[in-house]
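Comments concern the structure below.
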Amino acid sequence: MSQSSMSALLRPLRILLFAGHYNLTRCCSSFVSRMRHINNLKANDAACYSALQNGQILLFHRLVPLLQCSDPGSFKPVALGYSEVQSVLESAGSDGSLLKESILIGCSEKNQAQFCLDVGELDQAAIAEKCKGTFVELRKAFFLLAGADAPVVAKAQALLRWHQINKFCGATGQPTQRNQAGSQRSCSSSSIIYYPKMSPVVIVLVSDGKRCLLGRQSSFPPGLYSALAGFCDMGETLEEALYREVAEEVGLEVQNIAYSSSQHWPFPHSSFMLACHATVSPAHSQLNVDHSELEDARWFTEEAITCALQVKAPPRRNDPPTVWLPPKHAVAHRLITEWREGQQRSRDKE
Ligand SMILES: NC(=O)c1ccc[n+]([C@@H]2O[C@H](COP(=O)([O-])OP(=O)(O)OC[C@H]3O[C@@H](n4cnc5c(N)ncnc54)[C@H](O)[C@@H]3O)[C@@H](O)[C@H]2O)c1
Ligand SMILES: [Mg+2]
């Protein structure tokens, strides 16, 4: 084939590729510009302070988020502008200089920066009344908020907590200074820069083909069962941590690790949850539970999981004992529903 006829053949393909690239660029551009905007705010204190003056600020009191109930049962974090927060602070007897302590959490679709501020030194009731909101502990708030708001509030609390406990350098004992965004703290004596930290945790749903394995710690609320989880040790890979945790907690050797997803988990401190599925052969599914780690671990059939997923609220004190599962915001819930869908798919194929 001559070069010119080859070129004529490829022309429509090039147009298609170009159109595809154009669409991809267009659909990604707002995301890319938002990510670059946030990155710039972390690096540039003056730009960050100016974004704060035009941004939205979520309020916390000693790490407890301020929420507003819009419709009955529907909660949102209270998000105020700079001058609104200034007037709230002034009404609670502060001069407003606290506003500079705000920490960058992210950015809206329209590139409006979002910050959080802990007003723990001021009167909680006065702030709540002025904002027509309620301070709700994160353990409760996390499950009252909509899917998109819960991780934002959890991230904000995690950043505020990290700043509260990293005010001094571990090497010199000298105070550390934060940048305007609050994305780092540094010690001028040691030149060490500290960044917000999460602890990696592996969480795994083990299956023997027909059943899945859930466990509970004695500290869990009565009847709650979850996937097995454990903190990664220094130097371990995700797979090594997973093999070790399952071996330690229930005495099994798993195979076929398949990554599912990840999430930031704020309780009790910031964990980075890495969620996986894994299998054991039915012939090697005999549990040997370490009761110093787990109060109980059991195999659950698909029917038992379907039943437990229908329990929408934790059982009350005088209710009969019921098995219930982690709520929707928890990655354990996702692993369990993925496993159940997999069981349904393989049944449909039979
Ligand atoms: N999001 C979810 O769906 C989900 C589900 C289950 C568990 N989790 C979380 O996973 C985390 C780990 O699970 P686990 O309690 O079974 O872990 P685990 O089995 O490793 O046991 C916890 C113990 O590990 C030790 N430990 C080692 N490194 C630690 C570190 N960096 N931070 C704290 N403790 C450390 C402590 O002695 C602690 O008591 C918990 O914080 C829990 O909240 C989340
Ligand atoms: Mg564990």
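Restricting attention to the chain, close to 70% of DSSP beta bridges with both partner residues there are antiparallel. Take the Cα of Lys110, go 7 Å toward its beta carbon, and the backbone nitrogen atoms of the stretch 32-64 under 18 Å from that spot belong to 33-35, 37-38, 51-58. Relative protection proxy for 104-117, 309-322, 149-162, from highest mean packing down: 149-162, 104-117, 309-322 (other beta-carbon atoms within 10 angstrom).
Between Gly93, Pro72, Leu117, whose Cα lies farthest towards the positive end of the dipole of the stretch 48-164 when Lys and Arg beta carbons carry +1 and Asp and Glu beta carbons carry -1, centred on the Cα centre? The residue sitting farthest along the positive end of the dipole is Pro72.
How long is the gain from Asp208 to Gln164 if the chain were fully straight, where each residue apart is worth 0.36 nm and the alpha carbon distance is subtracted?
Details: separation 44, 0.36 × 44 = 15.84 nm, distance 4.47 nm.
The Asp208-Gln164 span can extend by a further 11.4 nm.
Treating each Cα of the stretch 199-349 as an identical point scatterer and ignoring solvent, apply the Debye formula and state log10 I(q)/I(0) at q = 0.09, 0.13 Å⁻¹. Results for the stretch 199-349 at q = 0.09, 0.13 Å⁻¹ read -0.26, -0.56.
For the chain, a simple Cβ point-charge model (Lys and Arg +1, Asp and Glu -1, everything else neutral) yields a dipole of about 1180 debye relative to the Cα centre.
Could you give the length gained by full extension between Thr306 and Glu101, i.e. 0.36 nm per residue of separation minus their alpha carbon distance, to one decimal place?
On the way: separation 205, 0.36 × 205 = 73.80 nm, distance 4.70 nm.
Separation in residues times 0.36 nm, less the Cα-Cα distance, equals 69.1 nm.
May I ask for the distance between the Cα centers of the stretch 169-205 and the stretch 58-127, given as a whole number of Å? Between the Cα centres of the stretch 169-205 and the stretch 58-127 lies a distance of 24 Å. With N residues in the stretch 144-253, what two-decimal value do you get for its Cα radius of gyration over 2.2 N^0.38 Å? Normalised Rg, Cα atoms only: 1.46.
Based only on Cα atoms, what Rg/Rh ratio does the chain have, Rh being taken as Kirkwood's radius?
Values: Rg = 25.0 Å, Rh = 23.7 Å.
With Rh from the inverse mean 1/r over Cα pairs, Rg/Rh is 1.06.
Residue-wise HN-Hα couplings along the stretch 103-118, as the Karplus relation 6.51 cos²θ - 1.76 cosθ + 1.60 with θ = phi - 60° gives them from phi, are 10, 5, 10, x, 8, 6, 4, 9, 6, 8, 6, 10, 10, 9, 9, 9 Hz; Gly and Pro carry x.
Kirkwood hydrodynamic radius, the stretch 93-214, all distinct C-alpha pairs: what's the number in Å?
17.5
Label reach from Lys197 (point 7 Å along Cα→C-beta): in the stretch 232-275, amide nitrogens under 20 Å belong to 232-238, 241, 263-274. Dipole magnitude for the stretch 42-102: about 200 debye, using +1 per Lys or Arg Cβ and -1 per Asp or Glu Cβ, origin at the Cα centre. For Lys328, the aspartates and glutamates whose Cα comes closer than 20 Å to its Cα, not counting residues fewer than 8 places off in the same chain, are Glu137, Asp149, Glu302, Glu303, Glu338, Glu341. What is the list of residues in the stretch 274-301 whose amide nitrogen lies under 15 Å from a point 7 angstrom out from the Cα of Phe220, following Cα to Cβ? Label zone hits: 289-301. Less than 5 angstrom separates the built amide H of Ser271 from those of Ser199, Trp265, all sequence-distant by 5 or more or on a different chain.
Round to the nearest 0.05 the FRET efficiency obtained for Glu121 and Met35 when R0 = 30 Å and r is the Cβ-Cβ distance.
0.35
Taking Ser50, Ser29, Ser262 in turn, the Gaussian network model of the chain (Cα-Cα springs below 10 Å) assigns the largest fluctuation to Ser29.
Dipole size of the stretch 227-350 about its Cα centre, with +1 on Lys/Arg Cβ and -1 on Asp/Glu Cβ: approximately 740 debye, rounded to the nearest 20.
Sorted by packing (mean other beta-carbon atoms within 10 Å per residue), highest first, where do 276-283, 53-60 land? Each step should come with its number before you reach the end.
Numbers: 276-283: 16.1, 53-60: 20.4.
Going from most to least packed, we get 53-60, 276-283.
With only the Cα atoms considered, the stretch 98-146 has a convex hull volume of 122 Å³ per residue. Across all Cα pairs in the stretch 48-164, the calculated P(r) in 10 Å bins from zero up to the longest distance comes to 14, 50, 33, 3 percent per bin.
The numbers here are math on the coordinates, done by the rules we state, and not lab data. Since the structure is predicted, the reported quantities are computational estimates derived from the model, not experimental observations. Counting neighbours? That spans all protein chains shown, and the Cβs are built from the backbone with ideal geometry, glycine included.
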